[in-house]
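Taken together, the values in this text are just the output of simple stated rules run on the coordinates, not laboratory data. What you are looking at is a predicted structure, and each value in this text was computed from that prediction instead of being measured. Quick reminder, even Gly has a Cβ in these numbers, built from the backbone with ideal geometry, and neighbours come from all protein chains shown.
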Amino acid sequence: MSKPRKFSSTRRKFLKGAAVAGAATIAPPTEAGLKARPVPRIAPLQDARAETTTPAEVDVLTSDHCGSDFMVDVLRSLDLDYVCANPGSSFRALHESIINYGGNQKPEFITCCHEESSVGMAHGYSKIEGKPLGVLAHGTVGLQHAAMAIYNAYCDRVPIFIVVGNTIDATMRRPGVEWMHSVQDAASIVRDFVKWDDTPISLQHFAESAARAFKVTMTPPMEPVLIVADSELQERPLAEKDKLRVQRVTRTSPPQGDSGAVAEAAKLLVAAQSPVIIADRAARTAAGMKYLVDLADILQAPVIDQGGRMNFPSHHPLNQSSRGRALIADADVILGLELTDFWGSVNAYRDQLERSSRRITKAGAKLISITAGDLYIKSNYQDFERYPEIDIAMAADAEATLPALTEAVKRLVTADRKNAFQARGTKLAAAHQTTLDQARVDATYGWDASPISTARLFAEVWAQIKNEDWSLVSSSQSNWPARLWKFDRYYQHIGGSGGAGVGYGAPAAVGAALANKKYGRLTVNVQNDGDLMYAPGVLWTAAHHRIPLLSVMHNNRAYHQEVMHLQRMANRHNRGIERAAIGTTIEDPNIDYSKLAQSMGLYAEGPITDPKELGPALKRAIAAVKRGEPALLDVVTQPR
Amino acid sequence: MSAFLLILILFAQTPPRGNAETGRTLFMKIGCYQCHGREAQGSTATGPRLNQNPITYTRFVSYIRKPSGEMPPYTAKVVSEQQAADIFAFLQSLPKPPAVESIPLLRQ
C-alpha cells in the first residue's frame, strides 16, 4: 500500500536526519557494536528494553512542535469554538496541542463520557449557533460509538466537523491495543451518512481537506464531514512549518431556485383558492423565519410548521399547524419547503394488518417542492422517504429561494386577488384563535392528575420562563409547547433528532445550552427518561463545564413508543394484550433521576408526582441555572 | 312487530351493566391509557380524548372491535362484552375538568 510506505519513509527520513544532527554530541552505535549486542528472546519493548537500554534508532526524544500544532492552526481557521471528545490515544497529540499549544481556546476541549454524547452535543450546538462544532474520536472504537449520533445529524441536515485519529502505518503501531484501534479505512463505517471524508497523508493535505470539509459541511444540504488525522502526522516533529499554509475558506452561496420555476410557482400560488405552505427544515437561520412570514403574509396563506426547525411563529394568525390535515385535504396548491417526507404529508397511512395508504389531497392539487435534498441522495440508508409526485420541483435551498419567490408573488398580486387574500386571512385568523382556545380547554383534562399530565408539566414550565429569554432545546411528542407556549424567536425551537435515534435528546440539549451560554439565554430541556439512559454521562459534562441548563424529566417510566407498538402487535394477534410492558417499561426498580444527576454534580430534585409541587421546584431549579449550573427535576408524568 | 321481537331487540341494544372501578383497572391493564392517557384526557399525538366525549355504548363497542383509523382492534377474544361495558362505565364516570378560567396558568 502506498500511503503507509510514504508515512514510514518520511518518518524514517526524519529519524535518520535527527541521528545525523545529533552526531556531534552523541556518538551513534557502530554497526559492529549493534551486531555484538545480545538480542532478547522475547521482545517486551514497552517494558525492560525501553527503560534500560539506549534506543537504537532515536537519538532525539523531544521536539518543541509537532504536526498536530499545525492541525490546531487549521482548526482555528475554521472558527471552531469547541471540540467535544472522549480522550483517545489515536489523537493524543492533537489533544495535547489543543490544550497547550492552542491554550485550550478556540477550540476549547469539552470532555465527554461517550462519543455519542460528543456528536449529540455538536448536533444541538450547531442548531443554535448555525455553524459546526468539532468532534474528536478514535477512528475505530470511538467512531463506532459515535455512529448513531452521526446518523441523526445526517438525517437532520446538520453540519458537524469530525476528526478521527488513526495509525495507518502498520510498522509504527505500538503492539497490542493500538492495532485493535487502527483501521485501513477509518471513515468506511460512517461513509453512508457523512457528506464527505478524507484521509490526508501530509499536513498540507490535512489543511486543504479540512478547508474543503468545512465548505462541504456548510453548504446546503448541510451534513457531517469527517477527516482522518493520522497519528504519525500528528506526532511527527514539525520541522518546516513555514512551508505549510492554512487555506482560506470561502463559504459557498446556498443554491437558489431556478428563476423560471420560481415564476411558475408564484403564478400557481397567487391563482390558488386554497394554497397551503408546509415547512419542515425551511428556516436555517432567523432570516429564514422572517422570509417565510413575508411570503405567508403576502398570500395570507396558512402555514403548517412540521417543526424540523423554528420556521414560523406559533401565535402568528396564519400558523395553522394544528389543522394541517384538513387544510391539506382542501388545498389546490401545496408548497413544501425542505420537507423530509412530502409523500407522507399528502397521504394518509394506516398501520393495520394490511398496511394501506391513500392520497388525501384533492384531484388536480398542484404540489411545489423546494428542497436542497434534491441535490444530494445516497442509496443505502432510506431516509429519503417515499417518492412524491411533484408538479414543480426546485433542487434548491428554501431559505435562499424564499425572497425571490415572495418578490415574484408580489409582482402578480392584483387588487382582486389582494381582497381575496384578505378574506382568506380573516377566516384563518379566527380558526387560529379557536385552536388556541381549544388547547387551553384540552389542558384542563387531567390537570390535577398524578402522574402529572404533560399539559400541566408544560404549563408549569411556561409560567416560570415566559418572561425570560428562553430557548427550548428538546422536541415534545405531546405537542403541548406548540399549543401553550408562544414561540417567536428562531432559537426558541431547534427541531428533533432527525433520524429518530434515541439518545439524542440529552447531549443535544447540553450542546445547545453550551451555544446559548454566551447569549445568557435560559435553556430548557424536557428530557425523556429512556433517552437519558443511553448516555447519562453528558450530565457530568454539563456540570464539569458549567453549562447552565434546566432539564425537566418527562419521566413516563417507559420507552412509551415501543409500549404502543407492542400493544398493537398483541392486539393484532389476539393475545396477551396485558403484557405489552414486558421489555418496554423502565420500572422495578424506578430510576431515581435526581440522585443520578446529583451524583454528577447537578442541582436536582424529585421524583415529583404531585403537580402542586412542580411550580415551586421549578423556581428553585431555575435559580440554580441562573447561578450558571445545570439543574434537573425528575417529574413523573403521564405517557404523552 | 311482535312484543317478543321488540323485547329481543331492546335486550340486544342494552349494554351489560358496567362497573366503573373495574373499568378503571382494565383501562390501565389492557393498555387504553397508553394512547388516551390515564385520565382519558387524550393526546394530539396518539389518541383522542375519551373523557367527556360522549358516544353511545354501541358505537364505542363497534369502534374498539373494528377501528377505522390507527387504533389497534380489541376483538371479543381479548376484551369481553362485560369488560367493554366496564371500561365504558369508567369513561362515563369521569368528572368534568375544572373550567379554564379557574386555572390561573391557563388564563390568557
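Structural remarks
- Once both labels are positioned 7 Å from their Cα atoms along Cα-to-Cβ, the gap between B:Met28 and A:Ala415 label points is 6.8 nm.
- FRET E, pair B:Glu21, A:Met533, Förster distance 45 Å, beta-carbon r, rounded to 0.05: 0.80
- Over 30 Å between alpha carbons, listed pairs A:Lys378/A:Lys486; A:Lys427/B:Lys66; A:Lys106/A:Lys466; A:Lys243/A:Lys518; A:Lys410/A:Lys517; A:Lys106/A:Lys241: A:Lys378/A:Lys486; A:Lys427/B:Lys66; A:Lys106/A:Lys466; A:Lys243/A:Lys518; A:Lys410/A:Lys517
- Listing A:His544, A:His145 from fewest to most neighbouring C-beta atoms within 10 Å gives A:His544, A:His145.
- Estimated at 0.36 nm per residue, the fully extended path between A:Ser259 and A:Glu578 surpasses their Cα-Cα distance by 109.0 nm.
- A Förster radius of 41 Å, combined with the Cβ-Cβ distance separating A:Ala287 from A:Arg355, puts the computed FRET efficiency at roughly 0.50.
- Cross-link partners of A:Lys619 among aspartates and glutamates (Cα-Cα below 15 Å; sequence separation of 8 or more within a chain): A:Glu460, A:Glu468, A:Glu605, A:Glu629, A:Asp634
- For chain A, a simple Cβ point-charge model (Lys and Arg +1, Asp and Glu -1, everything else neutral) yields a dipole of about 620 debye relative to the Cα centre.
- Think of the protein assembly as shown as a dipole: +1 on every Lys or Arg Cβ, -1 on every Asp or Glu Cβ, centred on the Cα centre; then among A:His565, A:Val141, A:Val473, A:His565 lies furthest on the positive end.
- Under the criterion of Cα pairs below 8 Å and six or more residues apart, the relative contact order for the range A:459-580 equals 24 percent.
- Label point distance in nm, A:Thr434-A:Gln598, each placed 7 Å from Cα along Cα→Cβ: 5.1 nm
- The angle separating the long axis of helix A:415-443 from the principal Cα axis of greatest extent in chain A is about 80 degrees.
- For the range A:602-631 versus the range A:460-500, the gap between their alpha-carbon centres in whole angstrom: 18 Å
- Where labels lie 7 Å past Cα in the beta-carbon direction, separation of A:Asp488 and A:Glu468 in nm: 2.0 nm
- Span from the the range A:520-545 Cα centroid across to the the range B:56-108 one, whole angstrom: 36 Å
- Ranked B:Phe88, A:Phe91, criterion: other C-beta atoms within 10 Å, fewest first: B:Phe88, A:Phe91
- Using the Karplus relation 6.51 cos²θ - 1.76 cosθ + 1.60 with θ = phi - 60°, the per-residue 3J(HN,Hα) values for the range A:544-549 come to 4, 9, 6, 9, x, 7 Hz, with x marking Gly and Pro.
- Reducing the range A:179-208 and the range A:276-321 to their Cα centroids gives an inter-centroid distance of 39 Å.
- Expressed to the nearest 5 percent, the antiparallel share of DSSP beta bridges inside the protein assembly as shown is 10 percent.
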